[in-house]
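Shown next, in structure tokens, is the structure this report addresses.
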């Protein structure tokens, strides 16, 4: 059973990691290379596993198994975000030296929003047990929906967040260094960089509605749900910069992520229906690892040298929440910018 000191200590650790990241490792928005990103990603994984070992010592093997399963599911589903980051940054032609700033504030916002959603989710499940069936059905539905959208290219120009921002705010024509807001003739304008940030935040909220119930399918302990979520999110920015140049080679991982959602949704429904662990946590952990590893292996085998252009076209096809599938031919421009 978690204690108040465990919550306080963990959040102090998170604040220290964020301060280290912003104040030391990336001071001044310094661009990070692939090697440094890989080392940072590895460091976050080692830290997450060490935390799991600590849980095993203090809370027992069952808590550790539930945490590690939740972490693996969250870490796997966070690759969703990386596919979306690549699509959004490419569509809006975001300069490379601005991407770290967007991802830092985007992930900081994601941590706050997910903490609120986890607290709310734990409360409603405790009060209304039947919501477990709703969450389980929603996970299965979302997994199937993602499978259907694997081959469709999203039309970000018609994304509702993008259109709303351009219709209701003054927007500068281009980027203003790394600023989200600027003043022109005494009037406050937002920059395209702020639209990108808003789109990424909105996407994470939608993805959180999938990933958080997925962890509740493993455990209803708020501390385990929260810590596994946070550790998966903390390393997301470094993982993006590590995979940015090769993400197109993992097209088939999208199928694996979709199947993981269907799996955990089915686990949630079956265990709730029979009021017992019909599918044990250890089975879910093994199945998730096998699906993710298998889809990555298939991706690497299917994407070979000489097929770069086709691989990149495949990578551009994925689900961006709110974005309709792109249609053939010209589309209406969303640039209805308010200039008054």
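The values are calculated or read from the model by the stated rules, or taken from the named source; none is laboratory data. Just so you know, these numbers come straight off a predicted model, no measurement behind them. Methodologically, a virtual Cβ is constructed for each residue, glycine included, from the backbone with ideal geometry; neighbour enumeration extends over all protein chains shown.
Remarks
- Candidate set: segment 213-233, residues that are in a helix (DSSP H, G or I) and surrounded by fewer than 21 Cβ atoms within 10 Å (Cβ to Cβ); chosen: the one modelled with the lowest pLDDT: 222
- So residue 178, is it modelled with pLDDT under 90, within 22 Å of residue 239 (Cβ to Cβ), in a helix (DSSP H, G or I) and touching a helix residue (DSSP H, G or I) at 6+ places or on another chain (Cβ under 6 Å): no
- Being within 17 Å of residue 105 (Cβ to Cβ), touching a strand residue (DSSP E or B) at 6+ places or on another chain (Cβ under 7 Å) and surrounded by fewer than 22 Cβ atoms within 10 Å (Cβ to Cβ) is true of residue 182.
- Where residue 24 falls short, out of the listed (1) at pLDDT below 80; (2) assigned to a helix (DSSP H, G or I); (3) surrounded by 13 or more Cβ atoms within 10 Å (Cβ to Cβ): (3)
- When the criteria are applied in full, residue 146 meets the requirement of being touching a helix residue (DSSP H, G or I) at 6+ places or on another chain (Cβ under 8 Å), assigned to a helix (DSSP H, G or I), buried (at least 18 other Cβ atoms within 10 Å of the Cβ) and at pLDDT below 85.
- Within segment 77-101, the set of residues being part of a helix (DSSP H, G or I) and closer than 13 Å to residue 199 by Cα comprises 81, 84, 85, 86, 87, 88, 89, 91.
- Check on residue 129, part of a loop (DSSP other than H, G, I, E, B), over 17 Å from residue 324 (Cα atoms) and either under 22 Å from the mean Cα position of the chain (by Cα) or modelled with pLDDT under 85 (or both): yes
- Residues that are over 24 Å from the mean Cα position of the chain (by Cα), farther than 15 Å from residue 94 by Cα and free of Cβ contacts under 8 Å to residues at least 12 places away in the same chain, drawn from segment 157-197: 182, 183, 185, 186
- One residue from 59, 55, 117 being out of contact with any helix residue (DSSP H, G or I) (no Cβ under 7 Å at 6 or more places or on another chain) and crowded, with 16+ Cβ neighbours inside 10 Å: 59
- A single member of 92, 104 is more than 28 Å from residue 51 (Cβ to Cβ) and surrounded by fewer than 20 Cβ atoms within 10 Å (Cβ to Cβ), and it is 92.
- Unique residue being modelled with pLDDT under 90, buried (at least 17 other Cβ atoms within 10 Å of the Cβ) and assigned to a helix (DSSP H, G or I) when the list is 135, 194: 135
- Yes/no for residue 141 being assigned to a helix (DSSP H, G or I), within 19 Å of the chain's Cα centre (by Cα), at pLDDT below 85 and closer than 28 Å to residue 224 by Cα: no
- Taking every residue in segment 242-270 that is on the phi > 0 side of the Ramachandran plot and pairing it with any residue that is modelled with pLDDT of 85 or more and surrounded by fewer than 24 Cβ atoms within 10 Å (Cβ to Cβ), at least 6 positions away or on another chain, yields no pair with a Cβ-Cβ distance below 7 Å.
- Segment 36-65: number of residues that are within 14 Å of residue 285 (Cβ to Cβ) and not in a helix (DSSP H, G or I): 0
- Restricting 265, 245 to residues that are under 27 Å from residue 49 (Cα atoms), buried (at least 24 other Cβ atoms within 10 Å of the Cβ) and modelled with pLDDT under 90 narrows the list to 265.
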